[in-house]
1. Got a number for residues in segment B:114-130 being at negative phi and either without any contact (Cβ under 8 Å) to a residue 40 or more places away in the chain or within 9 Å of chain A (Cβ to nearest Cβ) (or both)?
2. Going by what's in this entry, would B:E304 be described as among the acidic types (D, E), in contact with a Pro (Cβ under 7 Å, 6 or more places away or on another chain) and within 11 Å of another protein chain (Cβ to nearest Cβ)?
3. State which residue pairs qualify: first residue within 13 Å of A:L27 (Cβ to Cβ) and away from every other protein chain (no Cβ under 14 Å) and inside segment A:230-241, second residue surrounded by fewer than 23 Cβ atoms within 10 Å (Cβ to Cβ) and among the charged types (D, E, K, R) in any location, beta carbons under 9 Å apart, and separation of 6 or more residues or different chains.
4. Check A:L140, A:L106 and return the single one that is buried (at least 18 other Cβ atoms within 10 Å of the Cβ), in contact with a Pro (Cβ under 8 Å, 6 or more places away or on another chain) and among the hydrophobic types (A, V, I, L, M, F, W, C).
5. If you go through segment B:166-194, how many residues are touching a residue at least 60 places away in the same chain (Cβ under 8 Å) and within 16 Å of B:G45 (Cα to Cα)?
6. Looking at segment B:188-201, which of its residues are surrounded by 15 or more Cβ atoms within 10 Å (Cβ to Cβ) and under 30 Å from B:L237 (Cα atoms)?
7. Within segment A:60-79, how many residues are within 14 Å of chain B (Cβ to nearest Cβ) and touching a residue at least 60 places away in the same chain (Cβ under 8 Å)?
8. Out of the residues in segment B:131-146 that are of a type in the set (A, V, I, L, M) and touching a helix residue (DSSP H, G or I) at 6+ places or on another chain (Cβ under 7 Å), which is farthest from the other protein chains (Cβ to nearest Cβ)?
Amino acid sequence: MSQILQLSANGMAIGAIYALVALGLVLTYKATEVLNFAHGDVLMASAFVGWALIAGAGWPFWAAAPATMAIAALLAWLIDARVMRLIAGQPQFAGVMLTIAIAFMLRGLVSMGFGAQSRTYTTPWSGHNTDFGGVVVSDLNLVIVAAALVITLALFVFLRKTNLGVAIQAASQNQLAAYLSGIRVKRVTSLVWAISGAMAAVCGLLLAPIALVDIGLWVVMLKALAAVVLGGFGSVPGAIVGGLLLGLIEQFAGVYLPDGFKDAMAYLVLIAVLILWPRGLLGEAHGRRV
Amino acid sequence: MRYAYDISYRDAHTLLRYPAGRWSYALLALALIGAPWLLPQYYVGEMAYVFIMGVASLGLMVLVGYTGQVSLGHSAFLAIGAYAHAWMLAHGVPFALSLPLAGLISGAVGFVIGLPSIRVSGLYLAMVTLAFAILTGMVMGRWESVTGGYTGLQVASPLLFGVDLSGLRSFYYLCLVVLALVLAGLVNLMRSQTGRAFAGVRDSEAAAYSLGVWVAGYKVLAFVISAAVTGLAGALLAHQVGFLTPEGFDLILSLELVLMVTIGGLGSLRGAILGAAVISLLPSLISHVKPLLPDRMAKQFGLEIFVFGLILALFVLFEPRGLNGRWMKVRAFFEGFPLYRRDLFKRGKTYMKSERYR
């Protein structure tokens, strides 16, 4: 029993990261219909920026985190406003290729700037654990789950209760109608990209102490893709549910299934869901228009 | 200025209509046959690699460029072809049989992977193939009795009817012959009924369906052909590399293949080969440029991937028709010399085509 609880706790923590990355992907997808393959590399780059500020320049974590988020948000804003906008209206394939190109460039720049070796930095929570009646959870994992909760709630309130949030929803539902009712669609979509960039930075900063600051950090995006698909493509609550579920599936597969299944699980889920159940958990029904 | 003036029905579907075209392709063939004796050794090997990647890129072009199904996982078919070929050679299957068999095995796997394409399309299919490529890499690492796992698998040298083809020049000719055969086959297939059905599926599934095209069947068929051709390239690649490890067939290789067809120009076999040439020769070109760069940048391995990304971005932004499109424009400029207009190839109407409600 305690093993199951322990696995659930670990799964929730890693699932929270997947959920946040998936949320960033879904937001940009809903706003611009571009599946942002550069999301994982923004995450990776911000982990490196965080390392440079904390371990390199000696900033305290609480100063480095907002700075990193701001840098990532600016980067994502620029990607949308200066690059992605040029191909607006072209088929989806162009968006996929362009974000892959941006991902390659980011990866190349980071590895040229920082070098390929992995590194780590300390956070205020490194090395502390909390005991919940037999279930030991590292404080970092608690912070990850808390951060995911806070960000999700803040985003929910922002999208539902503020004028700007409603404008974002309108712009991602129908750009032309939103434009005609006075919403600055370009600025709003860039803002969505910036928010998703800042979320990637949070994920990068929280994931790096667990998984090392490394060029390979972008791979978490592939897992997040599985989470997005599991939850239902283009659904915001689905992304969160899918992320958490995927984290749990991975942890339990690591213990109860043969060796090697833990890493493969995300991709097996991705393929199985897309083939057998393309709507996912909370996705909308897709009709096909001719 | 050249006008189409057909005097017999046959004129309309000959491959090379004009003497100029025939002469230039004959010259190209001569140059390629003579190249191993004129080029330095190193470049003969590089050219063989270009031919292999050309075959793989042609395979992917059938799927992405002609049928409109994006696959981000074609490194898996390269890997399956390579491992199947190496395994069969190690178990005494003669080279002449093993090479086509490797293509067939890869094609059979392509059939299985193609089945989902009936249900999912576009972005979803891209994700399925991406996940499939990652899973294949994991299986290659784990299935040690066949693939040798992460320790690797030695590839026997190619023996065709008792003649050893592992020398640089003979291997160059082997790759050239395979590329020429695959190209000839695909050129003819793509202008046959099958190829037209592919293009119909790409441009509008509903329209193709209403004209009696068996959409599901052709989608899977495109996968099978594409996987078989790519598997053939994988078998040749096994000899080029000499020693197979799962790391040799990672995601980057898949993306490089997609890069080749994209910068080559979707929907043209010439583009596939041009793209393959550019992308395969780029790393050695970059290694020539590296000494000119500041030491700190030159030492890191990130430069290559940065240049790949930059080239891809520039093509997507400024020349979406790729190298083939540029070639057509240059040719149109010279063929109709004073009459070329800058907007000759511009689409009349562009509009936002939302894929959200599909």
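1. Adding up the residues that qualify gives 11.
2. yes
3. That search, which allows pairs on different chains as well, returns A:V236/A:K30.
4. Result of the check over A:L140, A:L106: A:L140.
5. 11
6. Matches in segment B:188-201: B:L189, B:M190, B:T194, B:G195, B:F198, B:A199.
7. The total comes to 1.
8. The selected residue is B:V146.
The values are calculated or read from the model by the stated rules, or taken from the named source; none is laboratory data. None of the values given here were measured: they were computed from a predicted structure. Neighbour counts are summed over all protein chains in view; Cβ atoms, including those assigned to glycine, are modelled from backbone coordinates with ideal geometry.
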